Amino acid sequence: MTIRVLLADDQALLRATFRILIDTCAGMEVVAEATDGTEALALTRAHRPDVVLMDIRMPGPDGLAATAAICGDHDLSGTRVMILTSFEAEEGDEGGQDDEYVVQALRAGASGFLGKDATAEALLAGIRTVAAGEALLSPAAIRTLITRLRAAPGTDGRPPAPERLAALTAREREVTALVAQGRSNEEIAARLFVSPLTVRTHVHRARTKLAARDRAQLVALAYQSGLVAARPEATGR
C-alpha cells in the first residue's frame, strides 16, 4: 500500500526537497502541501493522509496548534503527525525552546520527531515507522522528553493520577515503565527474558487501556501518572 504524506512547512525549498525524496520512493506519495497550521488542518481533513510531516515554527497558526487539532479529531484517527525539529542538534541545550515544543507536541499527540538535518534515508524510514503506528523516538528525544516531563509534571493541567494505571496488569506496568526509560522492544525482551513479540503485545495492550495513540504518548502517560518517578537509567546509546 502507498503511504500518503502531507507536507506542512512554510519553506518552499524544503517542501520541494521533501516532495522529490518522497515521490521518488516506491510506496510513498505527497498528497498535499501546507504553509501554516490552518492550511495543514484543512488539507489533512480533505486528504486524510497517513502521515503529516509537520514543522512547528510556521507563521500564523503554528504546527503545534495544527498537531493538537489533528490528533484531537476522531475522524482523523488514522493520520499520524511527525514533527520536524532542530532539537536533536541542540541536545546539550537544557533551556532550548525546541525542547519545550517537543514536549508540547508529544502531549498534543505527535507520533515522532525528526531533525531537519536528517538524511534522506532517515526521513523515509521515519515516515514508514510512523505510518506503521510506531513512535519515532531516538535516544536523544527520549532524554529530552524525560527531562522536560520530570521538570514540569502536570503542565497539561491534570495532576498526576496513579489510578489511571489501575487497568494495567503488573507485567504491563513493568513494560510501560521500561518503555518510558527509552528501552526498545528488543532491549525489554532481553531484560524480561521474553520474546519481542510478547513485549509488543504488552505495549499494545497498555496503549489500548490508557488510550495512548502510540508509544510516544505512552511515555508521557508513564510520567504524568507517576509510574516512573525515579531517575531513568541511561540508555547507553
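Where a number appears in this text, it was derived from the coordinates with a stated rule and is not lab data. Being a predicted model, the structure only gives us computed values, none of them experimental. All Cβ positions, glycine included, derive from the backbone under ideal geometry; neighbour counts span all protein chains shown.
Brief remarks follow.
- Simple label model, 7 Å out from Cα along Cβ direction - ALA167 to HIS74, nm: 1.5 nm
- Estimated vicinal HN-Hα couplings, Hz - the stretch 50-63 in sequence order (Karplus 6.51, -1.76, 1.60; Gly, Pro = x): 6, 9, 10, 8, 10, 8, 7, 8, 10, x, x, x, 8, x
- Chain lengthening between ALA42 and VAL194 when straightened (0.36 nm per residue, less Cα-Cα): 50.3 nm
- Local electrostatic count, SER111, Cβ distance below 9 Å [Lys/Arg +1, Asp/Glu -1]: +1
- For the stretch 197-205, backbone phi angles converted through the Karplus equation (6.51, -1.76, 1.60; θ = phi - 60°) give residue-by-residue couplings of 5, 4, 4, 4, 5, 5, 5, 4, 5 Hz, Gly and Pro being listed as x.
- The H on the amide N of MET28, modeled in the peptide plane, is under 5 Å from the matching H of ILE3, each at least 5 residues off or on a different chain.
- Net lengthening on full extension, GLU174/THR24 (0.36 nm per residue, minus Cα-Cα): 49.8 nm
- With a cut-off of 12 Å between beta carbons, the residues surrounding GLY60 carry a summed charge of -3, where Lys and Arg count +1 and Asp and Glu -1.
- Between amide H atoms placed 1.01 Å from N, distances below 5 Å from GLY115 occur with THR85, all of them 5 or more places distant or on a separate chain.
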